[in-house]
Amino acid sequence: MHLNLAFLFVFYWLSIFSCLGYGVLISKLTKKKFYFRNYGYLGLLGILFLIIYAYLSNIFYAHSLLHNLIIILTGILLFVYFVFSNFFQRNRILNLSIIFFLLFISFIIYKPHDDFSYYHFQYSYYLTQFPMIIGAGQLNHGFSTSSSIFYLNSLFFLPFAKYSLFHISAILVFGFSNVVILEKLFRYLKKNSPNYLSFFLLLTLAFINIIFYRIAEHGTDRSAQILIFLLVFELILLINDRKNFDNSLNKIFILLSLIISFKAFYILYFLFLFPVFIYGYKKFKFDLFFLIIKNNFFWYLVTTFFIIILTNFFNSGCFLYPVKFTCFENFAWAFSLDHVSHMNNWYEQWSKAGAGPNFRVENPQEYILYFNWITNWIDQYFFNKVSDFLFGLITIILIFYLFFCSTSSKKIISKEKIFSIYICILILFFEWLYNHPTLRYGGYVLIGLIFFIPFSLILEKFSKDNLNYKFKIIIVLIFITFISRNIDRLDNEIEKYSYKPFENSHYRFDENYFKIDQVIKSLINNHSLCNKFGKCDENSTIKTGSILGKLYLINKK
């Protein structure tokens, strides 16, 4: 597969503007009296719509080249009609374009995520070749934990580009999140008096662009963690500015929908709705219930939730794999409860540094209990994974402190309302630490939030007024750091792998990426022969294979 840099650049922009076109359409249709001013949120809303569409449409048909071409071109036409044709929106489009232009360097990748070849690519490609196959989790353990990232990727299987854009989802979330933050930041700067919210946004901008600079490492985890930063910001805004309660509520529902769709275990983050209920009830009393029910974006959240748990169920027999009490082994395609329990223990063992490519602990059942694992985890994982991350985080905080803080302090408005949100963060942090203490499973964002929220209050208290120029300097430095780190990454990939991004900017892949596709086609073929001649090869047409073949043929008819 060859795709030179110019063509990759064209498809990159087509993807961005198509999402934006759908976002504008859904914003207008869903809430006619409400329209997102922030183009970043319009992009995220477009992503959410495409995700929901991808899940529902794949029940009936595969996401073929022609199908996807129609979907993406429709999005482009919507963008031209709603946005680009409006003269007053062109400055905002220019700002968005500048941001995505700066981020493009991170989209040029040779070495993808470690799990990309194992199941990220294979799941995305499977969706382009077949409609939903019940029991797909039997083919690959990764298929049991599906992510909306794969469904979104599958819609960008396009003529000529084909599967070259199967890493597009991460950059779309990353880019539109940057747009959200920068548009909000510049709105604060117009007031010439930075507060703790503007400092929080600036810290978040530094975090995601410096620590999460490698798009190839985002996988299905970091995109959700980026959006959790935005979710916490909107929660703080909601409970401290009740005049715009409905506005913030819309964004919270959109962000939560995306977060839980990227990885199902983020359903735990529904905990963040408790501060919404507490402060919403104080203002609206029992009318809060009707306010939520009438909110169209709430139903996007409900729809996404049911789609996620049903997809998990049809893949594995579990509503939330591998949580044992959500599983039902009596279905033909389902995993046994013993297998689910084994896999749950394996994931916990791995996340607690009890397993790796070259080692296993002797007694995993005892190892994962209580805090028996803590000493080995500190030795094997805290040093140097967590310690390196903490060093980067503290470096960012130290630079901000030296850049913004003065010796004099000023009186600030009491922020007791943040306390309930901070308690939720701490509860989620201790759940993370006890059950799955690896950074990719939420550790990055939870540790970042624990530091950033109190530090933002310190910055507000000890910073001077009229700091616009300092904010702008920091923003420029953030993107210079982002670009320089990606240039260094590309230089290493060119030297180590003989990568030629101008001639062939495609990420690395081989025939193993199509392993599952070949298995499914073989199972379908064996099932067809079995039905036709009445003789089945037990070695090739296993029980699960027959189910897969039968259900696929039923869908095809």
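Data overview
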item: Residues Arg360, Arg508 arranged by fewest to most Cβ contacts within 10 Å; result: Arg360, Arg508
item: Segment Asn468-Lys417, length gained on full extension (0.36 nm per residue, minus Cα span); result: 15.7 nm
item: Spin-label pair Val323/Arg485, simplified geometry with 7 Å Cα→Cβ offset, distance in nm; result: 3.2
item: 14 Å beta-carbon shell around Leu230, net charge (K/R +1, D/E -1); result: +1
item: In order through the stretch 276-286: 3J(HN,Hα) via Karplus (6.51 cos²θ - 1.76 cosθ + 1.60), integer Hz, x for Gly, Pro; result: 4, 5, 4, 7, x, 5, 4, 8, 10, 6, 6
item: Length added when fully stretched, Asn435-Thr395, from 0.36 nm per residue minus Cα-Cα; result: 11.6 nm
item: Sequence of Ser198, Ser522, Ser223 once ranked by neighbouring C-beta atoms within 10 Å, starting from the fewest; result: Ser522, Ser198, Ser223
item: Under Karplus coefficients 6.51, -1.76 and 1.60, residue-wise ³J(HN,Hα) of the stretch 300-311 in Hz, glycine/proline x; result: 5, 5, 4, 4, 4, 4, 5, 4, 5, 5, 6, 5
item: Karplus-derived 3J(HN,Hα), 6.51/-1.76/1.60, for each residue of the stretch 259-270, Hz, glycine and proline x; result: 4, 5, 6, 5, 8, 4, 5, 6, 4, 4, 7, 4
item: Nearest 10 degrees, 0 to 90: helix 5-30 Cα axis against the chain principal axis; result: 80
item: Cross-link pairs Lys162/Lys263; Lys184/Lys472; Lys282/Lys417; Lys162/Lys496; Lys184/Lys243 - those with Cα-Cα distance over 19 Å; result: Lys162/Lys263; Lys162/Lys496
item: Sequence-distant residues sharing a close amide H with Lys111 (under 5 Å, placed H); result: Arg508
item: 222 nm mean residue ellipticity, helices alone, for the chain (DSSP H n ≥ 4; -39,500 (n - 2.57); rounded to 500); result: -21000 deg cm²/dmol
item: Exposure proxy order (Cβ contacts within 10 Å, fewest to most) of Cys405, Cys327; result: Cys405, Cys327
item: Theoretical FRET efficiency, 1/(1+(r/R0)^6), r = Cβ-Cβ of Cys405 and Leu77, R0 30 Å, to 0.05; result: 0.05
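Only the coordinates and a few stated rules stand behind these numbers; no lab work does. What you see is a predicted model; the values in this text were computed from it and never measured. No Cβ is skipped: glycine too gets one built from the backbone with ideal geometry, and neighbour counts run over all protein chains shown.
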